[in-house]
Amino acid sequence: MNIHTPDITAIPERDEAEAALDLLRRWAKSASTTDILELDPSVARLVPGGDAVDYPSFARDYPSDFAVNDGYKDTLPDLQNGPSSLIRGAKQQIQHVGISNFRLPLRVQTRVGDALTLETSVTGTVSLEADKKGINMSRIMRSFYQYAEETFSFEVIEAALDDYKSDLESFDARIQMRFSFPMKIDSLRSGLSGYQYYDIALELVEQAGVRKKIMHLDYIYSSTCPCSLELSEHARVTRGQLATPHSQRSVARVSVVLDDDAKCLWFEDLIEACRRAVPTETQVMVKREDEQAFAELNAANPIFVEDAARLFCEQLLADVRVGDFRVVASHQESLHSHDAVSVLTEGDTFASDSIDPRMFSTLFHVG
């Protein structure tokens, strides 16, 4: 008897390979993952849905008992601190890179000695040299948490800035903290009182080894148009016609650089300086007698937006604790479909040829 054995060295034809693959796939439909991997791990890539299967088989449960040691941490990739060859785009210095709107509760001091815990939004940035890929941003947050239990002041902010500036090996740095500061305000005539909330920001800037302490305040007031007031009175006197002048909610954003050698400028001090400049601050608690008083107060203090900027300026120039400053005022017109605005600066800190396109749109306060 002649026995013919197939030539196992012969290269299979395409139709034979297709038949074999079809047979393999039909078997794999009823086989378990274990069966497939025991046969040959590469089979997993040939079966339907096998693209998502790899070898070795990965664990799918979260390892809650896994502990990280120093040796393991040393193996973790760190692209942000990688070589300059990883830089994408131009190898150019970045003036500010960091985090914005990092929130935490911080204690701030009031003028009478009480400490208030306020929700605070923190922006922290550093400069980045042209040959560095990036920074470890979590270090900025960790620096703040080291001081989170302290009552915040510019001195504490400086300590936090020193820490993360050193950690990140940067030459310039900036910290800005924003919060809403409550202050109890008496009504004009009724004897009531209520809390007015002021948007305040503290900013510490270090550039070329020089540090500046800056305070920002949004002061909200009513502005009665002097022209409209005169025209209304003219209608009353000449024609016996009842008329009312137009007034509107207005906002001044006052930014001041604090003199390092002067005594503390409290938040309340800056608020009261604004109130002396423009006493028509919006009211909290109001009865009829207060509303009448507010109408009288507005009539006694009509102001154009130019007047407002100069009145704030007058108060700031008189305070020895204030260095450079900027006043941005916006009278959000009830007569016009646009706003009246003004910007007044003193010194080099806020001088600029350009205005942020959205600067005035950020001055809306919706109460």
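List of remarks:
- Averaging 1/r over each pair of different alpha-carbon atoms in segment 178-223 and inverting the result gives 13.1 Å, the Kirkwood hydrodynamic radius.
- Solvent-accessible area, 1.4 Å probe, carbon plus sulfur percent, for segment 208-325: 53 percent
- Amide H contacts of Glu281 (H built 1.01 Å from N, under 5 Å, at least 5 apart or other chain): Ser222
- Solvent exposure of segment 241-299 as accessible area per residue, Å², 1.4 Å probe: 51 Å²
- Sequence-distant lysines (8 or more away, or on other chains) whose Cα lies within less than 25 Å of Lys184: Lys263, Lys287
- Accessible area per residue for segment 117-225, computed on protein heavy atoms with a 1.4 Å probe, is 43 Å².
- The 3J(HN,Hα) values that the Karplus relation (6.51, -1.76, 1.60; θ = phi - 60°) gives for segment 75-89 are, in residue order, 8, 6, x, 9, 5, 5, 9, x, x, 4, 5, 8, 5, 9, x Hz. Gly and Pro appear as x.
- Accessible area in the full protein assembly, largest first, 1.4 Å probe, for Glu13, Glu150: Glu13, Glu150
- The candidates Asp78, Asp319, arranged from most to least accessible area with a 1.4 Å probe in the full protein assembly, appear as Asp78, Asp319.
- Legend: residues Tyr198, Tyr145, sorted from most to least accessible area (1.4 Å probe; ligands, DNA and RNA excluded), read Tyr145, Tyr198.
- Rounded accessible area of Glu233 (nearest 10 Å², 1.4 Å probe): 80 Å²
- Tail fraction, Cα-Cα pairs, segment 212-367, threshold 26 Å, whole percent: 32 percent
- Projected area, mean over directions - segment 310-367, Cα convex hull, nm²: 5.4 nm²
- Computed log10 I(q)/I(0) for the chain at 0.09, 0.10 Å⁻¹: -0.71, -0.80, from the Debye equation with unit scatterers placed on every C-alpha and solvent omitted.
The values are calculated or read from the model by the stated rules, or taken from the named source; none is laboratory data. Fair warning: this is a prediction, and the values are worked out from it, not measured in the lab. Remember, those area values only see protein heavy atoms, side chains included, never the ligands or the DNA or RNA. Shrake-Rupley method; radii C 1.70, N 1.55, O 1.52, S 1.80 Å.
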